[in-house]
1. I want to confirm something. Restricting to the stretch 237-248 and keeping residues that are under 20 Å from residue 121 (Cβ atoms) and touching a helix residue (DSSP H, G or I) at 6+ places or on another chain (Cβ under 9 Å), which single residue is surrounded by the fewest Cβ atoms within 10 Å (Cβ to Cβ)?
2. Take residue 115 and decide whether it is surrounded by 15 or more Cβ atoms within 10 Å (Cβ to Cβ), β-branched (Val, Ile, Thr) and not in a helix (DSSP H, G or I).
3. Of all the residues that make up the stretch 199-216, how many are of a type in the set (Ser, Thr, Tyr) and not in a loop (DSSP other than H, G, I, E, B)?
4. Could you go through the stretch 239-246 and let me know if any residue there is assigned to a strand (DSSP E or B) and touching a residue at least 60 places away in the same chain (Cβ under 8 Å).
5. Which of the residues belonging to the stretch 217-236 are surrounded by fewer than 19 Cβ atoms within 10 Å (Cβ to Cβ) and part of a loop (DSSP other than H, G, I, E, B)?
6. Could you run through the stretch 71-93 and say how many residues are over 17 Å from the mean Cα position of the chain (by Cα), closer than 21 Å to residue 107 by Cβ and open to solvent by 30 Å² or more (accessible area, probe 1.4 Å)?
7. Cβ contacts < 8 Å: first residue more than 11 Å from residue 265 (Cα to Cα) and of a type in the set (D, E, K, R), restricted to the stretch 20-37; second residue open to solvent by 10 Å² or more (accessible area, probe 1.4 Å) and outside any loop (DSSP other than H, G, I, E, B), any location; separation 6+ or different chain. Result?
8. Within the stretch 35-55, which residues are among the polar types (S, T, N, Q) and surrounded by 18 or more Cβ atoms within 10 Å (Cβ to Cβ)?
Amino acid sequence: MTASTASTLLPQSHPLPLAFGDLQGCRTSFQQLLVKAAPAADTPLWFAGDLINRGSESLATLRDIIALGERAVPVLGNHDLHLLSVSAGIRKSKKGDTIDDILAAPDAEDLLEWVRHRPLAHFENDMLMVHAGVLPQWDVTLTLELADELQRALRAPSWKETLAGLYGNEPNRWKPGLKGIERLRVTCSALTRVRFCNQEGTMDFSTSGGLSSAPPGFMPWFDVSSRKTANVTVVFGHWAALGLTLRDNLIGLDSGCVWGEKLSAVRLAADPAQRTLTQVDCEACRAPGGGN
């Protein structure tokens, strides 16, 4: 038997991950998409953050993801952090929030503990998943290092103090000398909130609109020419007004399900030509105020 023939007879590797855009409590759409995509039982399911809030079935959606066990690979989004903040008394519920059923659940403490222990970034097979974006000065190694710092702080006994300090728009750019809560805040802003920044990596939080809403001198974070994560494929959600965005090194999955648009899932093949997109309509999940 030749080496080339032997290689064709080796057991197939595990199925490629299937990555989902922001669910935001749209459980029915998620279930429909799972049926339509029909992943194998051992397919890893990646979730680009914002599992809950604004859709009508936040508690049931969260339970579904938890029930998947280690098969589920979610990262934290701004709505997931908002849930933790409301539970801790740091922030108040907003109009349009749909997290009361989680907070009132008999096992709310266990549910919140699970959310609090999710990562802020995930990297595997040259695929980097975050909820919102990555600053242009960060390569994969630094992104994972900063995400790890933040997630360890959120898992520590003093997590409420940390979480309270993450809100605010300053500092709005990365500097290697940043320390303490300012360092964590910049990390959180980039990984869970950013849409636009300038060539120097200064973030803008004045708009959540589409590409045409970019302030002068600003651009989508992924279009900065010097971005150090351009050598891997970044998978993200968060930006419903941007819509589904598929490039060789970029997979933007928030296609506005909670706005009544679509929920999207992409099979994460290394070769962009081998990636497959599956979508379902989400008219039934339309929520007043949408999902920013």
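The values are calculated or read from the model by the stated rules, or taken from the named source; none is laboratory data. Keep in mind the model is a prediction, meaning the values are calculated, not measured. Backbone-built Cβ (ideal geometry, glycine too); neighbour counts: all protein chains shown. Surface areas here come from the heavy atoms of the whole protein model, side chains and all, with no ligands, DNA or RNA. Shrake-Rupley method; radii C 1.70, N 1.55, O 1.52, S 1.80 Å.
1. For the stretch 237-248, the residue satisfying everything is 247.
2. no
3. Of the residues in that region, 2 qualify.
4. no
5. 217, 225, 226, 228, 230, 231, 232 - these are the residues of the stretch 217-236 that are surrounded by fewer than 19 Cβ atoms within 10 Å (Cβ to Cβ) and part of a loop (DSSP other than H, G, I, E, B).
6. Keep residues of the stretch 71-93 that are over 17 Å from the mean Cα position of the chain (by Cα), which gives 85-93.
Filter once more, so that each one left must be closer than 21 Å to residue 107 by Cβ: 85-89, 93.
Okay, now just the ones that are also open to solvent by 30 Å² or more (accessible area, probe 1.4 Å), so 87, 89, 93.
Selection size over the stretch 71-93: 3.
7. 27/60; 27/64
8. Of all residues in the stretch 35-55, those among the polar types (S, T, N, Q) come to 43, 53.
If the condition is that a residue be among the polar types (S, T, N, Q) and surrounded by 18 or more Cβ atoms within 10 Å (Cβ to Cβ), then 53 is the only one that fits.
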